[in-house]
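A.B. asks: Sending over a structure as structure tokens; questions will come in a sec.
None of the figures in this text is laboratory data; all of them are computed from the coordinates on show. Values in this document were obtained by computation on a predicted structure and should not be read as measured data. For neighbour counting, all protein chains shown are included, and Cβ atoms are generated from backbone atoms with ideal geometry for every residue, glycine included.
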Ligand SMILES: [Zn+2]
Ligand SMILES: [Zn+2]
């Protein structure tokens with residue numbers, strides 16, 4: 001039983017990094033991506049074509065097929081960057097007909113898709129909520145591995161800056177593998193198949209014949225921008241909170257939704273750790289500034305009037321003593337609708 005109060009300070013500080021606790025964590029990885037850049041800096045000609053003027057705007061008015069049925073699969077449900085035995089890193093799949101839409105790319109997302117029986121080549125769009133590594137570590141890997149499998153059509157990717165630069169650098173990192181597979185296996189170039197779109201504000205960001213996706217800016221300091229996404233599918237609406245403290249914009253985005261998949265933090269388990277820290281008060285405030293407690297998630301789901309609340313991105317996510325019953329008991333007093341305690345590969 002890996003109770004959280006047995007965790008070492010070092011492990012806790014690693015977890016703190018995922019919670020946006022920059023002062024307590026390893027050097028801020030964002031600094032590595034902070035160099036000024038712009039789209040025009042892209043070097044390879046095929047990248048210019050891959051990043052040509054987004055055509056998605058014209059598709060926003062496309063009609064939605066009202067007969068298709070959607071599936072939601074929780075691919076990974078643990079918050080935080082460190083690998084855990086109990087749960088995989090955050091990722092979700094929305095499936096409509098034969099099209100797969102991915103929300104967040106935590107480590108192992110491609111493997112989780114395989115376990116869920118989803119074809120990698122069926123990915124149509126990939127959405128990142130923000131650039132903490134528990135949400136984006138396998139962004140590039142997902143697409144590289146999908147290409148190595150059966151991906152043959154372009155995939156739109158969506159998320160905060162510097163998504164374009166991150167995509168370009170990922171392809172540079174893997175240039176040797178890509179070059180050899182093109183030459184040796186006759187594969188098409190990968191770069192033109194990835195079409196990144198940087199998001200800076202909320203609103204409808206993508207629409208095709210199956211889904212309409214709306215983004216909202218949420219509060220996850222110091223990470224900004226950070227987004228929640230709402231999928232209006234033919235048969236229902238599903239909202240993904242990403243990482244956020246209780247956010248009025250998220251409540252508005254989720255208003256009346258059929259399903260809200262929301263991050264959750266169990267404060268009593270964290271309090272035990274916090275109590276041992278010299279900067280206990282400050283640390284507690286950091287957590288509350290960036291994330292959502294069990295009580296808060298129940299209250300905001302009630303305020304938004306969602307039919308089903310799905311808990312995911314569990315923090316702590318590696319503590320086996322926190323059973324489904326513990327999570328349920330902590331949220332149920334504040335939400336009278338259907339409450340689902342998420343787990344990896346759960347289909348809803
Ligand atoms: Zn996270
Ligand atoms: Zn985060």
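A.B. asks: Gain in length, residue 187 to residue 71, computed as 0.36 nm per residue apart minus the alpha-carbon separation, to one decimal in nm?
C.D. replies: Taking residue 187 through residue 71 to full extension adds about 38.7 nm, to one decimal.
A.B. asks: Next question. Stretched out fully, how many nm does the piece from residue 343 to residue 180 gain, at 0.36 nm a residue minus the Cα gap?
C.D. replies: 54.9 nm
A.B. asks: Mean projection of the alpha-carbon convex hull of the stretch 218-348 over all orientations, in nm²?
C.D. replies: For the Cα atoms of the stretch 218-348, the hull's average projected area reads 8.2 nm².
A.B. asks: For the stretch 141-244, what class follows from the C-alpha gyration tensor (a ≥ b ≥ c being the square roots of its eigenvalues): rounded when a/c is under 1.5, otherwise prolate if a/b is larger than b/c, else oblate?
C.D. replies: oblate
A.B. asks: If you don't mind, another one. Packing-wise, with mean Cβ within 10 Å as the measure, how do 83-94, 185-196, 306-317 rank, highest first?
C.D. replies: Listed from highest to lowest mean packing, they are 306-317, 83-94, 185-196.
A.B. asks: Find the centroid of the Cα atoms in the stretch 168-193 and in the stretch 75-92, then give the distance between the two in whole Å.
C.D. replies: So the separation of the two Cα centres works out to 28 Å.
A.B. asks: Just check the stretch 64-347 against the gyration tensor rule for me: Cα atoms, a ≥ b ≥ c as the square roots of the eigenvalues, rounded for a/c under 1.5, and otherwise prolate or oblate depending on whether a/b exceeds b/c.
C.D. replies: prolate
A.B. asks: So, one more: Kindly provide log₁₀ I(q)/I(0) values, in the same order as q = 0.29 Å⁻¹, from the Debye equation applied to equal alpha-carbon scatterers of the stretch 279-348.
C.D. replies: -1.34
A.B. asks: Oh, and also: Can you tell me the Rg and Dmax of the stretch 186-263, counting just the alpha carbons, in angstroms?
C.D. replies: 14.6, 50
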